[in-house]
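S.K.: Shown below is the structure under consideration.
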Amino acid sequence: MTEPLLSELSRPGREGHELPCGEVPSDALPEALTRARLPLPEVGELDVVRHFTRLSQKNYAIDLGFYPLGSCTMKYNPKINEVVARLPGFAAIHPYQPESSIQGALKLLYELQAMLAEITGFTAATLQPAAGAHGELCGMLLIRAYHQKRGERQRTRVLIPDSAHGTNPATAAMCGFTTVSVPTDERGNVDMRRLREHLDDTVAAMMLTNPNTLGLFEEHVLEMAEAVHRAGGLMYGDGANLNAILGAVKPAHVGFDVLHINTHKTFSTPHGGGGPGAGPVVVGEALEPFLPTPRVVRRADGSYGLDSSYPDSIGRMREFYGHFGVLVRAYTYIRMHGAEGLRQISDVAVLNANYLRVLLQAVYDLPYQRTCMHEFVLSGRRQKQQGVRTLDIAKRLIDYGFYPPTVYFPLIVEEAIMIEPTESETKDTLDAFARAMIEIAREVEQDPELVRTAPHTRELHRLDEVRAARKPVLRWTLNEAPANAT
Amino acid sequence: MGFIPISESERREMLARIGVADSRALFEVIPEAVRFPSLTLPERLTEIEALAHLRALASENRDLTQLACFVGAGVYNHYVPSAVDAILSRGEFYTAYTPYQAEMSQGTLQYMFEFQSLVCELTGLDVANASVYDGSTATAEAVLMAQRLTGRERVVVSGALHPEYREVLCTYLEGLGLTPVEAGLELRSDGLDVRPAEELVDEKTACVVIQQPDFFGQVRDLSGVAERCHAAGALLIIAVAEAASLGLLKSPGEWGADIAVAEGQSLGMPIAFGGPYAGLMATRSDYVRQLPGRIVGETVDATGKRGFVLTLQAREQHIRREKATSNICTSQTLLALAATVYLALLGPRGLRAVAQRSHDNAVYLADRIAALPGYRVVTRRPFFNEFAVIGPAPAPAVREQALAAGYLAGYDLGRSYPALANGLLLACTELSSRAQMDGLVEVLRQVGRAA
């Protein structure tokens with residue numbers, strides 16, 4: 001059933017919420033300043049609840065099943081996190097309350113900073129950035145400020161592997177840097193010879209995701225960091241794949257100078273349909289003076305406070321102190337794991353990925369034949385020869401009840417299928433997914449049309465994206481009700 | 001460990017299938033010297049222990065169920081109807097991700113489309129994105145967008161733009177080596193004068209950024225402002241830090257804004273110590289291809305049925321990389337859902353009522369404070385639901401005394417405006433009861449007497 005839009009459910013005179021009577025006289029604002037029209041839908045509360053409940057049933061979610069989106073770490077989001085984030089002591093405190101009345105919140109943030117620094121091997125953290133990409137922006141601005149402080153304004157180039165997330169070059173450009181793409185070698189590592197060709201005193205940084213987006217740990221990461229540092233550049237770490245290495249290696253130990261963390265990946269804060277996330281940034285001593293302000297500090301008397309007295313700070317990344325509600329969840333998750341629990345996460349995430357890899361690599365091409373970390377990338381090129389594309393395989397997986405993996409990324413793998421199972425899944429689920437993938441490969445051979453026209457079991461068939469982009473319809477048109485003009 | 005469901009025998013079976021004896025072998029690619037470092041974290045907690053611990057931490061905060069809230073400054077204590085959180089708590093919504101596979105994500109995609117439509121109605125503009133992080137980053141993104149659209153660099157901002165929005169804008173522009181030009185303000189004997197930012201527009205200016213109502217709560221007649229900006233070839237950006245005001249006030253589109261941005265917090269989002277919220281962003285249809293962020297469009301499926309997809313993705317980082325409109329790759333989707341449910345529940349009369357009641361309460365409170373000896377309301381009227389007061393004592397001391405009596409007595413203006421050291425910015429909402437307002441007046445009277 002097509003669910004009507006709110007605008008289509010609207011009937012003049014309906015309302016879904018009522019205010020108590022006012023206790024003070026009403027004051028009319030001048031007409032020149034007020035609006036004549038407020039064309040919002042008019043719907044009752046039950047209609048609203050049913051509308052959104054029905055919409056929820058048109059979604060797929062971790063709570064419904066396996067969601068192996070590569071590079072997104074779709075792990076279980078523990079329910080306890082939702083409970084604690086809603087405690088009034090967290091959900092109902094104002095960012096401009098006097099510090100004496102928010103000591104619990106500041107303490108939580110301070111402790112979270114310390115735990116994130118310990119997990120990654122760094123010395124300081126900021127929790128301000130609102131998302132991974134925002135953390136990248138923060139980290140690259142830190143690098144910019146660092147070089148400027150040292151008088152090295154000629155450092156305008158940023159080296160980025162061709163396997164990197166699109167946010168890396170986009171972020172570097174937002175910071176005024178020029179980007180240089182570095183190719184990947186035949187083992188799936190950054191090509192060291194090509195990297196060295198670019199290293200000179202115009203290099204500000206290298207941005208590296210490790211494990212990289214092929215799900216492979218960079219075999220030359222120590223050498224790479226050393227070479228970049230010798231040229232005077234800094235190593236930016238994209239922490240998108242931190243789940244793979246929790247407790248297994250600390251990014252600071254392999255030469256990174258700064259790293260952003262996606263709490264919505266590694267630390268289980270809900271993805272929310274695509275936000276909110278949080279993108280804390282951890283740094284070593286060299287970059288610490290430049291961290292955004294205000295910083296959450298512990299004062300000599302043991303109280304916690306917000307401190308803006310850092311003259312070299314890059315300033316503020318966003319209003320207030322970060323996505324506090326998200327950070328409460330990340331804090332709870334880390335406290336419920338401890339050091340041993342975090343180590344188990346990476347252990348099982350890597351185990352699950354390798355198990356699935358082994359189950360699938362005979363049927364789909366595996367371009368880089370190595371032990372993977374928390375994810376791996378297959379190629380649908382063998383199936384493409386049968387006239388079936390990776391997109392078709394993805395859509396067919398929907399019929400088997402699975403969310404499709406990330407497809408067509410990284411860009412360097414033809415017809416890429418990027419699979420990240422996470423530590424949350426049972427062996428039964430992994431086996432069922434593998435069976436579905438193998439069955440689809442068989443369908444590609446025997447009944448390619450079935451795959452090309454998938455999905456067949458959802459309410460909607462494949463949607464026309466070209467039409468959406470060519471003739472954009474980006475909002476409803478509301479038939480205005482006269483009752484609006486009250 | 002409760003969240004990892006693999007049994008020991010399954011584990012052995014999987015390792016055998018992979019062909020290794022021990023999972024540690026899977027990590028051998030990590031250089032030995034740095035592999036499996038020591039990790040020192042607090043002891044692991046069970047759920048029962050974690051809940052007790054988090055409750056204890058939460059109880060070290062004094063929250064708005066115990067305090068009367070008269071602080072706003074970009075975050076407002078509006079009521080959130082119960083249905084909002086009931087919907088947001090559905091796992092189908094909050095444990096989904098960006099709707100990459102449209103056929104499996106129509107729920108998210110449809111409410112994003114509805115959200116965009118509602119933002120257009122509120123702002124009076126043609127197109128909106130599915131939200132960005134918050135009001136401050138929306139403002140910064142709008143400025144970058146204006147620079148791309150005009151090919152100009154100079155940026156003029158009002159001194160009455162939220163101080164933290166200005167700070168964030170400076171951070172974003174610093175990446176490009178630029179600094180915004182700020183129109184100042186002056187405290188006169190008869191009130192606070194904010195210099196109209198459009199007076200500083202010139203032929204090199206990309207955009208002028210004005211907040212309405214401004215940071216001090218004042219609602220300005222913006223007639224002619226857009227014309228003045230456009231005559232110089234610049235764009236007008238109107239920022240709204242109190243989205244509930246859009247229920248009553250003329251929309252940014254009606255004032256001629258080219259881009260409107262707003263902090264969405266007032267529309268059904270818990271205050272939560274500053275976030276997460278959602279940044280609203282709308283513009284004219286001509287400019288849609290320079291709009292950053294996710295955008296959802298309507299289309300049809302192979303059988304002609306209506307459906308929704310992410311669209312105009314050629315603007316975005318995963319396709320355009322360094323040439324993208326922004327590095328942003330998510331919206332604040334779940335918070336956009338909160339705003340959508342909130343606006344659906346309130347409807348036009350409800351939102352108008354929230355706005356009018358917030359305004360009425362602020363007028364009542366301001367009149368009473370203005371009558372107190374030693375206090376001066378300096379925001380020029382009309383104001384919306386917030387106004388600045390210069391009191392007889394430094395703001396931090398007043399705030400502490402009020403806190404002791406159970407009141408959050410406004411934002412300390414001296415934090416961002418040194419000339420306003422005794423200044424408090426006080427806000428009301430529909431939740432400000434007469435008893436609370438009278439109580440605050442009494443506290444301020446006592447502070448005044450002591451000073």
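S.K.: Pick out, from the stretch A:420-472, the helices (runs of 4 or more DSSP H) lying fully within it that include 3 or more residues that are within 30 Å of A:Ser268 (Cβ to Cβ) and among the aliphatic types (A, V, I, L, M).
M.R.: A:427-446
S.K.: A follow-up question, please. Within the bounds of the stretch B:407-416, is there any residue that is modelled with pLDDT under 95 and either touching an Asp or Glu at 6+ places or on another chain (Cβ under 9 Å) or part of a loop (DSSP other than H, G, I, E, B) (or both)?
M.R.: Yes: one or more hits.
So that you can scan it fast, the table gives a plain yes or no per residue for (1) within 7 Å of chain B (Cβ to nearest Cβ); (2) at pLDDT below 95; (3) surrounded by 21 or more Cβ atoms within 10 Å (Cβ to Cβ):
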position	(1), (2), (3)
A:Pro4	no, no, no
A:Arg11	no, no, no
A:Val24	yes, no, no
A:Asp27	yes, no, no
A:Glu31	no, no, no
A:Leu38	yes, no, yes
A:Glu42	yes, no, yes
A:Val49	yes, no, no
A:Arg54	no, no, no
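S.K.: Do we have A:Tyr110 as touching a residue at least 12 places away in the same chain (Cβ under 8 Å), over 29 Å from B:Leu426 (Cβ atoms), surrounded by fewer than 21 Cβ atoms within 10 Å (Cβ to Cβ) and out of contact with any His (no Cβ under 8 Å at 6 or more places or on another chain) here?
M.R.: yes
S.K.: Something else about it: Only one of B:Ala314, B:Ala353 is surrounded by fewer than 24 Cβ atoms within 10 Å (Cβ to Cβ) and not assigned by TED's automatic domain parsing to the domain that holds B:Ala138; which?
M.R.: Only one candidate qualifies: B:Ala353.
S.K.: Looking at A:Glu285, A:Glu223, which one is of a type in the set (D, E, K, R), surrounded by fewer than 19 Cβ atoms within 10 Å (Cβ to Cβ), not in a loop (DSSP other than H, G, I, E, B) and not assigned by TED's automatic domain parsing to the domain that holds A:Glu375? Walk me through how you get there before you give the answer.
M.R.: On the way: A:Glu285 fails: not in a loop (DSSP other than H, G, I, E, B).
After ruling out the rest, the residue left standing is A:Glu223.
S.K.: Right, next: Which of the residues belonging to the stretch B:212-230 are surrounded by fewer than 24 Cβ atoms within 10 Å (Cβ to Cβ) and either at positive phi or free of Cβ contacts under 8 Å to residues at least 40 places away in the same chain (or both)?
M.R.: Correct list: B:Arg220, B:Asp221, B:Leu222, B:Ser223, B:Gly224, B:Val225, B:Ala226, B:Glu227, B:Arg228, B:His230.
S.K.: Is it fair to say A:Gly325 is in a loop (DSSP other than H, G, I, E, B) and at pLDDT 95 or above?
M.R.: Spelling it out, it is not the case that A:Gly325 is in a loop (DSSP other than H, G, I, E, B) and at pLDDT 95 or above.
S.K.: Could you tell me how many of the residues in the stretch A:296-310 are farther than 18 Å from A:Pro98 by Cβ and either touching a strand residue (DSSP E or B) at 6+ places or on another chain (Cβ under 8 Å) or crowded, with 23+ Cβ neighbours inside 10 Å (or both)?
M.R.: Within the stretch A:296-310, residues that are farther than 18 Å from A:Pro98 by Cβ and either touching a strand residue (DSSP E or B) at 6+ places or on another chain (Cβ under 8 Å) or crowded, with 23+ Cβ neighbours inside 10 Å (or both) number 1.
S.K.: Can you tell me which residue among B:Leu413, B:Leu403, B:Leu444 is surrounded by 18 or more Cβ atoms within 10 Å (Cβ to Cβ), more than 12 Å from chain A (Cβ to nearest Cβ) and over 30 Å from A:Glu15 (Cβ atoms)? Reasoning before the result, please.
M.R.: Numbers: B:Leu413 fails: more than 12 Å from chain A (Cβ to nearest Cβ); B:Leu403 fails: more than 12 Å from chain A (Cβ to nearest Cβ).
B:Leu444 is the lone residue from the list that is surrounded by 18 or more Cβ atoms within 10 Å (Cβ to Cβ), more than 12 Å from chain A (Cβ to nearest Cβ) and over 30 Å from A:Glu15 (Cβ atoms).
S.K.: Kindly state which strands (runs of 3 or more DSSP E) lie completely within the stretch B:270-362 and contain at least 3 residues that are under 17 Å from B:Asp134 (Cα atoms) and either modelled with pLDDT under 95 or within 7 Å of chain A (Cβ to nearest Cβ) (or both). Break it down stepwise before answering.
M.R.: Numbers: elements: B:279-283, B:296-300, B:306-310.
Fully inside the stretch B:270-362 and qualifying: nothing.
S.K.: Name the single residue, out of those in the stretch B:156-182 being closer than 13 Å to B:Glu199 by Cα and surrounded by 22 or more Cβ atoms within 10 Å (Cβ to Cβ), that is farthest from the other protein chains (Cβ to nearest Cβ).
M.R.: Taking the candidates together, the pick is B:Val156.
S.K.: With (1) within 11 Å of chain B (Cβ to nearest Cβ); (2) farther than 16 Å from B:Ala102 by Cβ; (3) touching a Phe, Trp or Tyr at 6+ places or on another chain (Cβ under 6 Å) as the list, and A:Phe402 as the residue in question, which single condition is left unmet?
M.R.: Unmet condition: (2).
S.K.: Quick test of your reading of the structure: A:Tyr60 fulfils all but one of (1) within 7 Å of another protein chain (Cβ to nearest Cβ); (2) surrounded by fewer than 22 Cβ atoms within 10 Å (Cβ to Cβ); (3) touching a residue at least 24 places away in the same chain (Cβ under 8 Å). Name the failing condition by number.
M.R.: (2)
S.K.: Working only within the stretch A:387-423, note down all residues that are more than 25 Å from A:Thr184 (Cα to Cα) and among the small types (Gly, Ala, Ser).
M.R.: Selection gives A:Gly387, A:Ala394, A:Gly401.
S.K.: Take the stretch B:386-398 and flag every residue that is within 11 Å of another protein chain (Cβ to nearest Cβ) and either buried (at least 23 other Cβ atoms within 10 Å of the Cβ) or touching a His at 6+ places or on another chain (Cβ under 9 Å) (or both).
M.R.: Result: B:Ala395, B:Val398.
S.K.: Looking only at the stretch A:416-450, which residues are of a type in the set (Lys, Arg) and either in contact (Cβ under 8 Å) with a residue 24 or more places away in the chain or buried (at least 22 other Cβ atoms within 10 Å of the Cβ) (or both)?
M.R.: Residue satisfying the conditions is A:Lys427 alone.
S.K.: Could I ask something else about it? Please specify each residue of the stretch A:79-132 satisfying the condition of being under 22 Å from A:Gly284 (Cα atoms), at the interface with chain B (Cβ under 8 Å from one of its Cβ atoms) and of a type in the set (Val, Ile, Thr).
M.R.: Result: A:Ile119, single match.
S.K.: Mind listing whichever residues of the stretch B:109-125 are over 21 Å from the mean Cα position of the chain (by Cα) and either more than 8 Å from every other protein chain (Cβ to nearest Cβ) or closer than 26 Å to A:Met418 by Cβ (or both)?
M.R.: Restricting attention to the stretch B:109-125, the residues satisfying the condition of being over 21 Å from the mean Cα position of the chain (by Cα) are B:109-110.
B:Leu109 - this is the single residue of the stretch B:109-125 that is over 21 Å from the mean Cα position of the chain (by Cα) and either more than 8 Å from every other protein chain (Cβ to nearest Cβ) or closer than 26 Å to A:Met418 by Cβ (or both).
S.K.: Taking the stretch A:84-109 on its own, how many of its residues are closer than 20 Å to A:Gly338 by Cβ and under 23 Å from the mean Cα position of the chain (by Cα)?
M.R.: As a first pass, look at the stretch A:84-109 and keep what is closer than 20 Å to A:Gly338 by Cβ: A:84, A:107-109.
Among the residues that remain, those that are also under 23 Å from the mean Cα position of the chain (by Cα) are: A:84, A:108-109.
Of the residues in that region, 3 qualify.
The values are calculated or read from the model by the stated rules, or taken from the named source; none is laboratory data. Just so it is clear, the model here is predicted, and its values are computed rather than measured. Cβ atoms come from the backbone with ideal geometry, glycine included; neighbour counts cover every protein chain shown.
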